[in-house]
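The structure appears right after this line, and notes come after that.
Where a number appears in this text, it was derived from the coordinates with a stated rule and is not lab data. What you are looking at is a predicted structure, and each value in this text was computed from that prediction instead of being measured. For neighbour counting, all protein chains shown are included, and Cβ atoms are generated from backbone atoms with ideal geometry for every residue, glycine included.
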Amino acid sequence: MTQNFDTRAVHLSNKEKKSFTSKVTPIYQTSAFKFTDLDDIEDFFNGKNDYLYTRVGNPNPDELGEAIAQLEGAPHGVATSSGLSAILAGILSVAKHGDHIVASKDIYGGTYELLANELPDFGIEVTFVDFTNQEEISKNIKSTTTLIYSESITNPLLRVEDLSALVTIAKNHNLYTMIDNTFATPYFCTPFEEGVDLVVHSATKYIGGHSDVTAGVLVGREDLIAKAKSKVVNLGSNLSPFEAWLACRGLKTLSVRMERHAKNAQALANALKENNAVQKVYYPENVSSKGNGAIVTIDITGRCNVADFFKSLDWVKIVPTLAGVETSVSYPLSTSHRAVPEASRKELGITEGLVRISVGIEDAADIIAAFEHALKESVLS
Ligand SMILES: Cc1ncc(COP(=O)(O)O)c(C=O)c1O
């Protein structure tokens with residue numbers, strides 16, 4: 001049929017496409033996929049066509065979910081709009097109204113808020129427990145408990161979780177385990193291979209790696225990921241194609257970034273341990289033979305003026321996040337752990353002098369010099 005100008009302008013892309021063999025996956029920046037006829041739509045629902053509508057599925061988030069699953073040694077994965085939505089999808093795949101979760105006390109503040117403030121509205125009860133005491137974990141398991149939740153390296157105090165102990169407790173009580181592996185990344189730690197059922201990432205952090213993406217990924221057992229995927233579709237917490245594409249691009253350099261991040265973090269931790277202006281240095285040991293992660297947390301309470309320390313950081317960025325290629329610092333008390341009740345914060349060691357350092361990939365000597373300068377400028381006489 002011949003068409004007039006206004007119609008041709010709208011349908012400019014209506015000609016059948018050639019397929020191009022681009023080196024990298026293109027961005028499927030489309031909200032929906034087109035069908036040739038009604039049989040073609042039926043074929044989708046019979047599992048013959050891949051895609052229908054981007055909230056339901058799109059090649060870019062699928063590529064990210066599958067890539068992280070493969071790196072974690074898990075059969076399946078799903079990408080979501082953020083780390084928190086991946087956590088929620090994971091939880092809802094194993095817990096429903098009337099169920100109970102045992103969670104570590106020592107977790108990211110945003111996760112604490114989700115578990116403490118939102119899950120009760122879904123009818124899911126959560127008990128926060130000191131996970132350094134395994135008896136306490138077992139003692140708090142009830143007949144309604146379905147899940148044990150923790151982080152492989154905790155935020156911000158960098159405690160390394162004993163995954164095999166958690167898996168054993170869970171198996172003994174017929175429970176699921178879910179681990180946030182954001183700080184460790186699959187480069188240093190693969191909880192699924194240690195028997196954990198669900199592994200979650202804030203891909204906003206090291207997977208994206210450049211502080212320009214907000215995304216989450218959940219990987220794990222096939223049956224659980226199938227359930228989690230349906231939560232993502234029905235709750236509308238899917239990841240956009242462009243964000244997924246950026247996260248996949250970042251993921252390609254995960255190994256080289258993590259290697260440098262960890263080397264620099266170890267050098268900074270060693271230097272700060274020698275510095276009298278620092279009361280305590282938190283940096284894990286024995287995470288993996290490849291290194292111990294890239295976050296160093298320090299406590300300067302009573303030794304330095306905290307406000308002066310932050311003012312003296314020169315080129316180091318103050319940001320309420322972590323894991324970019326640039327070194328940055330955050331102040332858990334007023335940002336990530338603001339919502340954690342004061343008594344719990346005190347008990348955990350989240351003090352007014354606690355500073356979380358996300359060590360970047362710059363020259364290690366420059367990073368050390370920047371922190372030594374800030375400590376010197378802020379030290380209390
Ligand atoms: C360990 C950990 N898990 C989950 C999240 C939440 O991720 P997002 O901000 O992508 O929702 C964060 C955010 O800082 C985090 O540090």
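A few remarks follow.
- Kirkwood radius, region 262-332, all distinct C-alpha pairs, inverse of mean reciprocal distance: 13.1 Å.
- Cα Rg over Rh - the chain, Kirkwood: 1.03
- Summary of packing: across the peptides 310-317, 327-334, the per-residue average of other C-beta atoms within 10 Å ranks them, highest first, as 327-334, 310-317.
- Residues within the reach of a label modelled at H373 (point 7 angstrom out along Cα to beta-carbon, backbone nitrogen below 15 Å), restricted to region 270-311, are 309-311.
- Taking trypsin sites (Lys or Arg not before Pro) across region 21-81, the ones in a DSSP loop with at most 10 further Cβ atoms lying within 10 angstrom of their Cβ are K23, K34, K48.
- Where labels lie 7 Å past Cα in the beta-carbon direction, separation of S381 and K227 in nm: 6.3 nm
- Low-density loop positions, GluC sites (Glu not before Pro), region 202-293 - DSSP coil, at most 14 other Cβ in 10 Å: E274, E285
- Ranked by the mean number of other Cβ atoms within 10 Å of their residues, highest first, the peptides 98-111, 131-144 come out as 98-111, 131-144.
- In the chain, the calculated helix contribution to ellipticity at 222 nm averages -10500 deg cm²/dmol per residue, counting -39,500 (n - 2.57) for every DSSP H run with n ≥ 4.
- Taking only alpha carbon atoms, region 38-251 gives an Rg to Rh ratio of 0.98, where Rh is the Kirkwood radius.
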